[in-house]
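Accompanying notes for the structure given below.
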Amino acid sequence: MRLLHWLVLSALAGPLPGFAAGPKPCVPIDQAPKQLSKDICISVHIYDVVELPDGTRFLDVCAPQTTDDACRFTIISLREDHIEVGELRKYRDMDVQVRGIVQPMHGRAGMVLSHARQFYGGPPKFKPNPRLARGFSADQSRPPINDPNLRSQGSGRAFMNTRDQEAAPSK
């Protein structure tokens, strides 16, 4: 009965301060290159959107007076993510917050924009590792990995080979 009373009181009181970890605040663009390989939120002003002939788009986050060599951060959206990301020109001359993983990119830090939810604190689009999924199709009836222990007894190695049986000790 005391446990039930305690649970009702704790639910009414709300979450404890130590356990109520809300979303982390966004960091300014000048601190982003120091956060390599981390999933962070950045606050940035989009000065321009540049689209290359191959469909790759860049969000220009450096002021117009900054030279290209002095710009230390970039946000890139690849052609294959165009549908998930949507139109980026609407963000021109806007302050936005973008969540993603900071990666080294050709001598500067950068972030890949692969889904529109990244503008709202959501994660990037999941992309499976092609090395792990090589040769696998959902139409197949075999597992996506080549593990000898998962094969049937008739082909290749098996966990217990029937030829290697030991005789039971006699009494």
For this session: Just read off the accessible area of Arg92 with the full protein assembly in place, 1.4 Å probe, to the nearest 10 Å².
Result: 90 Å²
For this session: Could you please state how large a percent of the accessible area of segment 22-103 is carbon and sulfur, counting protein chains only and using a 1.4 Å probe?
Result: 52 percent
For this session: State the extension gain, in nm to one decimal, for the chain segment bounded by His106 and Cys71, taking 0.36 nm per residue of separation less the distance between their alpha-carbons.
Result: 11.4 nm
Seminar exercise, completed: Measure of exposure for Glu84: accessible area at 1.4 Å probe, Å² rounded to 10, is 60 Å²
For this session: Rank these by accessible area, largest first, 1.4 Å probe: Leu59, Leu78.
Result: Leu78, Leu59
For this session: Compute, for Cys26, the solvent-accessible surface of its heavy atoms (probe 1.4 Å) with the complete set of protein chains present, and express it in square angstrom to the nearest 10.
Result: 40 Å²
Exercise. PRE reach from Ser43 (point 7 Å along Cα→Cβ): which of segment 63-99 fall under 15 Å by backbone N?
Worked result: 94-99
Exercise. How large is ³J(HN,Hα) for each residue in segment 108-118, as worked out from phi by the Karplus curve 6.51 cos²θ - 1.76 cosθ + 1.60 (θ = phi - 60°), to whole Hz, x for Gly and Pro?
Worked result: 9, 8, x, 9, 9, 9, 10, 7, 5, 5, 5
For this session: Name the shape class, rounded, prolate or oblate, that the alpha-carbon gyration tensor gives for segment 43-136, where a ≥ b ≥ c are the square roots of its eigenvalues, rounded holds for a/c under 1.5, and otherwise prolate holds if a/b is larger than b/c and oblate otherwise.
Result: prolate
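The values are calculated or read from the model by the stated rules, or taken from the named source; none is laboratory data. These figures come from a predicted structure and were not determined experimentally. Counting neighbours? That spans all protein chains shown, and the Cβs are built from the backbone with ideal geometry, glycine included. For the accessible areas, the whole protein counts, side chains as well, though only heavy atoms, and no ligand, DNA or RNA atoms are used. Shrake-Rupley method; radii C 1.70, N 1.55, O 1.52, S 1.80 Å.
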